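Trainee: Following this message is one structure expressed as structure tokens.
The values are calculated or read from the model by the stated rules, or taken from the named source; none is laboratory data. Just so it is clear, the model here is predicted, and its values are computed rather than measured. Using ideal geometry, Cβ is built from the backbone for each residue, glycine included, and neighbour counts are taken over all protein chains shown.
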Amino acid sequence: MASRRAGEQFILEGRVKVSGQVVRLLGSKVDPERDQVAVDGQIVHAKKLIYVALNKPVGCVCSRQDELNRPTIYELLPREWTTVQSVGRLDYNSEGLIFLTNDGQFALRLTHPRYGIRKKYLVSVEGEVTSAMLQLFKQGIFHEGERLKALAARIVSGTRHKSVVELELGEGKNREVRRLFESQAITVKKLQRTQIGKIKLGELKPGKWRTLNATEIKTLTTDI
């Protein structure tokens, strides 16, 4: 209906009624089960907040509309969920865990660097990845004018020809995982995000989604 500040102005102007009575006191409480709220005579309904975990498959984008007419993640969701937006993005060739919501504060908390929500990635690459390379990632490197850094890194498996690495990031700059490896002339073959905060991808199949429960939402929105 309006931003918080605009909503307060509506109240001060006497444009808000609760169960037929004009309310001018900021901070007045309403019971959504019993009270009816109206602005300028129009009934206002509480927005149902939606929190979704999706296993994004390769071959779709995180935009609602794509200029190349590629499939989008929104085509995997119920059609009536027109207000949800992705929390951050995964690029076309990446896969794994992504959240969608219509709660702007929830999205901000998960994407703003000051909250430090950690994300884990499993990366399959061509060539050998050394411990020295991972140490460099943890120290931080400059690439295309930005400082990229992994908070944690380990080799899951590796040979001279291919390696699987787990990285943990705190900021999530654009294409940060791929750019870390590009800086070392290493080609990424597969990139999967496996965890956000304490929420793991688990057994969720590619293209499938589930709603987050109250406990999971709390772990993502409560200060550590």
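Trainee: Of all residues in region 10-34, which are of a type outside the set (F, W, Y) and surrounded by 14 or more Cβ atoms within 10 Å (Cβ to Cβ)? Give the steps one after another, and end with the answer.
Mentor: Taking region 10-34 and keeping what is of a type outside the set (F, W, Y), we get 11-34.
Those that are of a type outside the set (F, W, Y) and surrounded by 14 or more Cβ atoms within 10 Å (Cβ to Cβ): I11, R15, V16, K17, V18, V23, V30.
Trainee: Can you pull out the residues in region 195-217 that are closer than 18 Å to V177 by Cβ and surrounded by fewer than 18 Cβ atoms within 10 Å (Cβ to Cβ)? Before you say what the answer is, go through the steps one by one.
Mentor: Step one: list which residues in region 195-217 are closer than 18 Å to V177 by Cβ, which gives 195-197, 200-201.
Passing the criteria: only K200.
Trainee: Also, quick follow-up: Just checking, how many residues over region 102-155 are closer than 12 Å to E171 by Cβ, free of Cβ contacts under 8 Å to residues at least 12 places away in the same chain and not in a helix (DSSP H, G or I)?
Mentor: Qualifying residue count for the region: 3.
Trainee: Taking the criterion of being touching a Lys or Arg at 6+ places or on another chain (Cβ under 8 Å), among the aromatic types (F, W, Y) and either part of a loop (DSSP other than H, G, I, E, B) or not assigned by TED's automatic domain parsing to the domain that holds R210 (or both), would at least one residue in region 68-81 satisfy it?
Mentor: Within region 68-81, not a single residue is touching a Lys or Arg at 6+ places or on another chain (Cβ under 8 Å), among the aromatic types (F, W, Y) and either part of a loop (DSSP other than H, G, I, E, B) or not assigned by TED's automatic domain parsing to the domain that holds R210 (or both).
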